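Heads up: the structure comes next, in structure tokens.
The values are calculated or read from the model by the stated rules, or taken from the named source; none is laboratory data. None of these values were measured; they are calculated from a predicted model. Note that each Cβ is placed from the backbone with ideal geometry, even for glycine, and that neighbours are counted across all protein chains shown. These accessible areas exclude ligands, DNA and RNA; they are computed on the full protein's heavy atoms, side chains included. Shrake-Rupley method; radii C 1.70, N 1.55, O 1.52, S 1.80 Å.
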Amino acid sequence: QVQLVESGGGLVQAGGSLRLSCAASGRTFITYAMAWFRQAPGKERETVAAISWSGGATYYADSVKGRFTISRDNAKNTVFLEMNSLKPEDTAVYYCAARSDPVMRIEIRTYKYWGQGIQVTVSS
């Protein structure tokens with residue numbers, strides 16, 4: 001069983017930055033691929049970014065490419081999402097998720113463990 005706890009969300013003005021963190025329990029974190037998803041009101045949950053167990057492979061949605069960076073620190077069982085040049089359309093609840101496989105995937109259904117979600121609000 002893996003527990004994920006997100007932190008770092010909040011309210012920021014357009015053009016600003018936030019850094020989300022996701023702390024994972026368990027000794028097998030290094031074997032999990034990780035991802036960040038988001039869900040805006042009235043919209044479906046979407047994949048934002050994903051990272052393989054080593055960090056050697058990453059994925060970004062077109063809407064965040066060049067602005068967001070996903071990374072991980074396996075020694076600290078933590079995955080990060082650095083968000084720069086934020087836009088009002090980035091406003092959503094952001095979720096951290098883990099899959100019991102080191103290979104990165106982007107499909108939501110492939111992620112077994114989920115955090116509770118954290119609000120990110122970008123004002124114009």
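Miscellaneous remarks
- Measuring nothing but how far apart in sequence close Cα pairs (under 8 Å, 6+ apart) lie, relative to its length, the chain scores a relative contact order of 36 percent.
- Long-range amide H partners of Phe68 with built H, under 5 Å: Asn84
- Ordering Leu86, Ser52, Gly66 by Cα displacement along the dipole of segment 1-90 toward the positive end leaves Ser52 in first place; charges were set at the Cβ atoms of Lys, Arg (+1) and Asp, Glu (-1).
- Annotation note: trypsin sites (Lys or Arg not before Pro) in segment 2-86 located in DSSP loop regions with a Cβ neighbour count of at most 11 within 10 Å are Arg27, Lys43, Lys65.
- For the pair Ser71 and Ala23 in one chain, pulling the backbone fully straight at 0.36 nm per residue adds 16.0 nm over the alpha carbon distance.
- Taken per residue, the accessible surface of the chain reaches 51 Å², heavy atoms only and a 1.4 Å probe.
- Counting all C-alpha pairs of the chain, share separated by more than 25 Å (%): 15 percent
- Accessible surface of segment 1-81, 1.4 Å probe, proportion on carbon and sulfur as whole %: 48 percent
- Label positions at Ala14 and Ser85, each projected 7 Å from the Cα along the C-beta direction, are separated by 1.4 nm.
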